[in-house]
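So the structure is just underneath, and the comments pick up after that.
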Amino acid sequence: MKKITKIRNLIKKKFLKTMPEFDKHLFVVELLDPSSKLEAYIAVHRIRGSKPSFGATRFLNYKFKKDALNDALRLSRLMSFKSIMAGLPYGGAKAVIIKPKGKFSRKKLLDSYTKGLNELAGKFVTGTDVGLNLEDIKEMKKNSKYLVGLKSNPEKYTAIGLGFSIQMISKKLFGSESFKNRTFAIQGIGKVGYEFLKIIYKDASAIYVADIDKNRLKFVLEKFPNLIIVDTNDIQKQVVDIYMPCALSHTLNKKTVKDLKCKIVIGSANNQLESEGIADLLHDKGIFYGPDYIVNSGGLISVVDEYEAHNFNASRIKKKVSKIKKIMNEVIAKSYRQKISPERIANKIAKKILDKIKK
Ligand code: NAD
């Protein structure tokens, strides 16, 4: 493959250190190719030895380039926390491709991105995040060995991890792990939301869903006809046991927390909280918030398994994902004992391990 037009190393740039989400990242590059309209950032938060750092690639509209860079910085840090809490020996990273305005060739753009990925020579291994699908990864995989998620179905294992997490806190709050008689409200029924429906549909007593994509709603409703569709502005207001943010980042803020009428918030979205303080508001309101980077780590666990084992073994992956139960139970117990939010408990544990690794 021909080389990409430009890879710009940002790590020594002064402006990077002034970005709000910069956290002594080890490696940050910008990929540019005007011929395909590629503009992307890859941020590597931490590197563990000579191993690659893991994080999916997001393909999204951004108003400003700095928003995309901040997203990559923030999400890569979250990936380090996720990897640590899942007991994986890899650093965290993230890529963000800015969706071009106007017409563009998706194939050409992703080809350019793949060339850039190859030039990093394995420092970064990636898969699908919001805006990319399995077909994209299949195409990209033809030209790069640094893509994962083709065999392991990360959405399914992310959903399984969410299920385990909900079971652990349900045992504490309702005295049973069962989804029977439980009510759910799900914001975003994309890849993960859909997989999660497969787990709860038969048992749950009511499932409210909302999605901005009408075609998606239609598709999901054909498979799961008893779903109750609600407006995207009202999904967080439903009186349910479990509210699940499974769309984009930062949907939990002062306003939405005021709206909530649930007992548990556990969802797949990364960076659900607008700030750590929002976790305290949830805690004060008596709502259990499952730290996103713990509850949604099943996908990462599954792609790392694929990377290490080169073959697919469903029961092996499920066993690894079930370790989420142990860390959830630890966080639940400490949160109740210390009377502080599960988010603060988890951050404390993750930071302690991260600091040890740095030394
Ligand atoms: P996806 O793009 O397939 O699904 C997201 C869905 O949310 C889409 O259907 C979209 O239309 C909908 N949506 C967007 N904005 C919305 C809004 N305001 N209200 C309601 N619906 C809205 O993505 P996905 O792979 O299902 O991932 C969902 C979230 O989980 C993302 O934040 C992703 O980063 C995170 N996550 C995904 C995985 C994985 O394995 N795919 C793993 C960990 C975390």
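Of note:
- Ellipsoid semi-axes in whole angstrom, largest first, where each is sqrt(5λ) of the Cα gyration tensor of the chain: 32, 23, 20
- Of the residues I266, L109, F179, the one whose Cα sits farthest toward the positive end of the charge dipole of the chain, with +1 on the Cβ of Lys and Arg and -1 on the Cβ of Asp and Glu, is L109.
- Taken over the stretch 1-69, the alpha-carbon convex hull comes to 127 cubic angstrom per residue.
- Restricting attention to the chain, close to 35% of DSSP beta bridges with both partner residues there are antiparallel.
- Listed residues K14, K65, K24, most fluctuating in the chain (Gaussian network, C-alpha, under 10 Å): K14
- The chain - percent relative contact order, Cα under 8 Å, separation 6 or more: 15
- In the structure shown, the pairs K82/K319; K24/K326; K51/K82; K51/K323 are assessed against 19 Å; a Cα-Cα span above that value is assigned to K24/K326; K51/K323.
- Structure note, pairs K12/K123; K142/K325; K171/K261; K115/K318; K63/K142: Cα-Cα distances above 25 angstrom occur for K142/K325; K115/K318; K63/K142.
- When the convex hull of its Cα atoms is viewed from all sides, the stretch 222-359 shows a mean projected area of 10.8 nm².
- Sorting the segments 32-41, 213-222, 336-345 by their residues' average number of neighbouring beta-carbon atoms within 10 angstrom, most packed first, yields 32-41, 336-345, 213-222.
- Only alpha carbons enter this Debye calculation for the stretch 292-341, each as an equal point scatterer, and the log10 of I(q)/I(0) it gives at q = 0.14, 0.27 Å⁻¹ is -0.43, -0.97.
- The alpha-carbon atoms of the stretch 66-109, seen along their principal axes, cover 43, 23, 10 angstrom, with the largest extent given first.
- Value of Rg/Rh across the stretch 163-265 [Cα atoms, Kirkwood radius]: 0.94
- Partner aspartates and glutamates for K6 [C-alpha distance under 20 Å; skip if fewer than 8 residues away on the same chain]: E30, D33, E39, D111, E119
- Distance from the Cα centroid of the stretch 297-349 to that of the stretch 106-145 is 27 Å (rounded to whole angstrom).
- Helix 298-309 vs. the chain, principal-axis angle (Cα, 0 to 90°, nearest 10): 50
Bear in mind that the values in this text are calculations on the coordinates, not laboratory data. Nothing here was measured: the structure is a model prediction, and the numbers come from that model. Counting neighbours? That spans all protein chains shown, and the Cβs are built from the backbone with ideal geometry, glycine included.
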